[in-house]
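Have a look at the structure below before the remarks.
Values in this text are rule-based calculations from the coordinates and carry no lab data. Nothing here was measured: the structure is a model prediction, and the numbers come from that model. All Cβ positions, glycine included, derive from the backbone under ideal geometry; neighbour counts span all protein chains shown.
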Protein chains: 2
Amino acid sequence: MAEKYLVNGISSNEISAQDRGLHYGDGLFETIAVVNKKLLCWDEHIKRLVKGCEKLNIPTPDKKVLENEALSLLDDKEKAVVKIIITRGTGGRGYKIPENIKPARIVFISSWPDHVNKYSNTGINVRVCEYRYAKNSRLAGIKHLNRLEQIIARSEWNEEDITEGLVLDHDEHVIEGTMSNLFCISGNKLYTPDLTHSGIDGVIRSKIIDLSRELNFEIEIKNITLEFLLDMDEVFMCNSIMGVRPVKKIEDKKFDTHKKTDTIIKTLEEHEIIPL
Amino acid sequence: MAEKYLVNGISSNEISAQDRGLHYGDGLFETIAVVNKKLLCWDEHIKRLVKGCEKLNIPTPDKKVLENEALSLLDDKEKAVVKIIITRGTGGRGYKIPENIKPARIVFISSWPDHVNKYSNTGINVRVCEYRYAKNSRLAGIKHLNRLEQIIARSEWNEEDITEGLVLDHDEHVIEGTMSNLFCISGNKLYTPDLTHSGIDGVIRSKIIDLSRELNFEIEIKNITLEFLLDMDEVFMCNSIMGVRPVKKIEDKKFDTHKKTDTIIKTLEEHEIIPL
């Protein structure tokens, strides 16, 4: 639960019950790690948010206003999480986009989640979800507010020692975790699933792709089957809050090493891309 | 825009900015026609709402509480629209469903939309949307709050004389309109699309299927192509507010008669299923 909030710039924990974000999930969000009062990958988060607004035809929020609001919520804690929600605002009857749009802007800060560092040293256990993501190229990539698919997939397990669930699409291609992107390594090749039809184009994922040459990997974005994945040397998952986590186990398949993943983690930490 | 509101039983137009309905579209809704202080098809709306709650594992709302709240908002106007939203409420971090769920309940009333009766006599003009609905059998049928697909499809046209857009799925099967279900007639056969993988199981649609024998039709629920549809004698679309509307035109194809649709409308009006 968030601890401090700004709704359209005003300290408030309520939004209009007429907001299209509530009625239709008509909006976007970003979740940003804060370390020592620095918003990690701020430019990249804003870039994705703007891309989402353009795709959904929502007027683009003012970057500087968002940044000032986020910074105004920071306190002296070493780490925190900032979440931004942009909705199309209130108005209109039914699905038709109203003519005079005034997007709503919500900025939250909350404490760093304790569970995040729990399994960092040895890697995380991952299950394969039964749920399959729908294919939807118009909505793929952006971080929109229609997230029932993730809730359904995440509801499949309660075991505390399982950190993440892997979700495939209807063609049995591995897409990502319920809350993270996926990479796998074989030799000097780094693979990550093609997200043309499903999934979220994660900020950390983008950064790793951009840095692949510096990381001494040849990157390939492709359709990945479970069989292909389980045959890899190393697998890791990533998001803005948990950073990069080596995968120790997918179902019964163990991955014995995460040496190359560790070097990636080190480089990303040096670049202040992921929290230490 | 709604004119009177109850949020968890209290007269308010605001909800918590932490509500999972806003963050994830984690909830359901119903839109109900009110005629002379009667909530049309109330039992059927509640039945679908309960089914949706069961599918999403949200505790079922108290039917009597919802009914009392809806009735308390009615005034002396001949017609009105009641909308109910049920969300999983606040709580939890991320997609995982929190242990102590307290769903949120929002009941709105708004005036009857003027545009609804505009094209009722002669039938409506319909376009074929370019957007294709994703296939998702876990979410199909229920009226959940993830409605970006409908917003995208509805944003394709602005012509005032086009009432509805027909949306197909990725297999080129006709599913429904952006806000209504679809039926078509050939001889004494009444067809409506199979909604196993996409679409909303509309209350009026269900009623028509149930009454098909009384209406002297043989009903068939099946995959319908655009070619099949355009070859029909009559086509109509339906939802709780607009009732049943004969289709005059789909793109350039004109339907010359709506005699059989008119008898269906008459019967549904007599049963107080659709507004007069």
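Legend: ranking of residues B:PHE228, A:PHE217 from fewest to most surrounding C-beta atoms inside 10 Å; resulting order B:PHE228, A:PHE217.
Here segment A:92-183 is treated as a sphere whose radius is the Kirkwood value from Cα pairs; by Stokes-Einstein at 10 °C and 1.306 mPa s it diffuses with a coefficient of 99 µm²/s.
About its Cα centre, what dipole magnitude does the protein assembly as shown give when the only charges are +1 on Lys and Arg Cβ and -1 on Asp and Glu Cβ, stated in debye to the nearest 20?
820
Annotation: extensible slack from A:SER11 through A:ASP210 equals 67.9 nm (criterion: 0.36 nm per residue apart, minus Cα-Cα distance). Calculated FRET efficiency, B:THR263 to B:LYS64, Cβ-Cβ distance, R0 = 35 Å: about 0.45 to the nearest 0.05.
Projecting the Cα positions of A:THR192, A:LEU39, A:GLN18 onto the charge dipole of chain A (unit charges on Cβ atoms of Lys, Arg, Asp and Glu, taken about the Cα centre) puts A:GLN18 furthest along the positive direction.
Report the charge-dipole magnitude of segment B:4-112 in Debye, nearest 20, computed about the Cα centre from +1 at each Lys and Arg Cβ and -1 at each Asp and Glu Cβ. It would help to have the intermediate numbers written out before the result.
Working: 18 positive and 14 negative charges, 49 e Å.
The dipole of segment B:4-112 has a size of about 240 debye.
Treating only the Cα positions of segment A:4-112 as identical point scatterers, give the base-10 log of I(q)/I(0) from the Debye formula at each q in 0.19 Å⁻¹. Each listed q corresponds, in turn, to -0.94. Computed over chain B, the P(r) tail beyond 36 angstrom holds 14 percent of alpha carbon pairs.
So what are segment B:149-203's ellipsoid semi-axes, whole angstrom, largest first, if each one is the square root of 5 times an eigenvalue of the alpha-carbon gyration tensor? Equivalent ellipsoid of segment B:149-203: 21, 15, 10 Å, largest first. Scan chain A and note any complete DSSP helix (H) whose C-alpha atoms cover at least 18 Å along its axis and whose Kyte-Doolittle average is -1.0 or more. Qualifying helices, which must be both long enough and hydrophobic enough, are A:42-56.
If you average the sequence gap of Cα pairs under 8 Å that are 6 or more apart and divide by the length of chain A, what percent do you get for the contact order? If you can, show how the numbers build up before the last one.
Details: 541 pairs, mean separation 51.9, N = 276.
The normalised contact order for chain A reaches 19 percent.
Over every Cα atom in segment B:143-238, the radius of gyration and the widest Cα-Cα span, Dmax, amount to 13.5, 38 Å. Give me the tail of P(r) for the protein assembly as shown as a percent: Cα-Cα pairs with distance above 36 Å. Looking at the protein assembly as shown, the distances longer than 36 Å represent 37 percent of pairs. Here B:LYS207 is the anchor, and the lysines within straight C-alpha reach of less than 19 Å, apart from those fewer than 8 places off in the same chain, are B:LYS38, B:LYS47, B:LYS51, B:LYS143, B:LYS189, B:LYS222, B:LYS260, B:LYS266. Based on the Kirkwood approach, the hydrodynamic radius assigned to segment B:189-273 is 13.5 Å, with every pair of different Cα atoms included. Taking the Cα centre of segment B:117-270 as reference, the dipole from Cβ charges on Lys and Arg (+1) and Asp and Glu (-1) amounts to some 360 debye. Legend: calculated FRET efficiency, B:ASP194 to B:LYS253, from the Cβ-Cβ distance at R0 = 22 Å, rounded to 0.05, equals 0.50. Full extension of the chain segment joining B:GLU218 with B:ASP161 gains 17.3 nm, where the gain is 0.36 nm per residue of separation less the Cα-Cα distance.
Across the identical copies, the label point of A:GLY9 (7 Å from Cα in the Cβ direction) is separated from its matches by 3.8 nm, in order from shortest. Can you tell me the relative contact order of segment A:20-124? Whole percent, Cα pairs under 8 Å, sequence separation 6 or more. 31 percent. For segment B:117-270, averaging the sequence separation of C-alpha pairs within contact (under 8 Å, six or more residues apart) and dividing by the residue count gives a relative contact order of 27 percent. Farthest toward the positive end of the dipole of chain A, out of A:GLY9, A:SER137, A:SER206, is the Cα of A:GLY9, where the dipole comes from beta carbon charges about the Cα centre.
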